[in-house]
Each structure stands twice: as structure tokens, then as C-alpha cells.
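Below is one structure, written out as C-alpha cells; the observations come after it.
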Amino acid sequence: DIAKRLEGTDTETLRAHLMCEELSEVLHAIYSRDEIALLDGLTDLLYVVLGTAISFNMPIHEAFIEVHNSNMTKTRSDMRLRNKGPYWVPPNLKRLL
């Protein structure tokens with residue numbers, strides 16, 4: 001268990017390892033085409049990510065809305081490009097901190 005192996009380490013390291021562990025499970029489930037494992041992994045990843053935001057006192061709900069609104073300024077053809085497109089408006093996360 002990752003928590004036992006990292007007992008006594010700092011919060012940043014523990015949280016980073018937990019997120020990596022859960023992401024690894026998600027990727028394995030996708031590769032295996034295991035829907036149950038995928039749902040479990042995604043839920044665990046979401047749980048750890050939200051817990052990390054809480055641990056670091058991050059305004060995750062407000063940030064999610066800001067990023068969502070930014071993503072909605074992309075056109076459909078821009079979704080996979082690093083260039084966000086001519087109408088993209090970056091999220092203003094700095095104002096939340």
C-alpha cells in the first residue's frame with residue numbers, strides 16, 4: 001500500500017505518489033478495456049485529486065468552472081491542438097489564489 005510505504009513523508013510527496021498510482025490504474029484499465037476497473041480508477045483518481053486540492057487549500061470548484069469556461073472558448077477543431085485557436089480565452093486562475 002502506497003500510504004504505508006510513504007509513511008512519514010511530506011504531504012506533497014504523498015499526494016504526488018497517490019495521483020500517479022491512481023493514474024496508472026486508469027491507464028491500465030483503458031489498455032485492458034476493463035470498464036469496471038476504469039470507473040473505479042477514475043473515481044479513485046478524482047477522489048485523490050479533490051483531496052489534494054483540499055489539502056493545499058485550493059479553490060478547486062471555482063478553478064474547475066474557470067477552466068471549463070476557458071475550454072468552451074475553443075472551437076471543436078481546436079480540441080486536440082496545442083494552439084488553442086483564435087477565440088480561446090485562457091483561464092484566469094491567478095485571481096482565485
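The values are calculated or read from the model by the stated rules, or taken from the named source; none is laboratory data. If you're wondering where the values come from, they're calculated on a predicted model, not measured in any experiment. FYI the Cβ positions are ideal-geometry reconstructions off the backbone, even for glycines, and counts take in every protein chain you see.
Among the numbered conditions (1) outside any helix (DSSP H, G or I); (2) of a type in the set (G, A, S); (3) modelled with pLDDT of 95 or more, tell me where G41 comes up short.
Among (1) outside any helix (DSSP H, G or I); (2) of a type in the set (G, A, S); (3) modelled with pLDDT of 95 or more, the lone unmet condition for G41 is (1).
Taking the range 24-46, which residues are within 30 Å of L96 (Cα to Cα) and of a type in the set (D, E)?
D44
Loosely packed, with under 15 Cβ neighbours inside 10 Å and farther than 20 Å from L96 by Cβ - does that describe any residue in the range 47-70?
Looking through the range 47-70, at least one residue is loosely packed, with under 15 Cβ neighbours inside 10 Å and farther than 20 Å from L96 by Cβ.
Any residue at all in the range 48-67 that is modelled with pLDDT under 95, hydroxyl-bearing (S, T, Y) and over 18 Å from the mean Cα position of the chain (by Cα)?
no
Based on what the data block shows, is L27 modelled with pLDDT of 95 or more and out of contact with any Cys (no Cβ under 6 Å at 6 or more places or on another chain)? Talk me through it step by step, then tell me what you get.
Numbers: modelled with pLDDT of 95 or more: yes; out of contact with any Cys (no Cβ under 6 Å at 6 or more places or on another chain): yes.
Spelling it out, L27 is indeed modelled with pLDDT of 95 or more and out of contact with any Cys (no Cβ under 6 Å at 6 or more places or on another chain).
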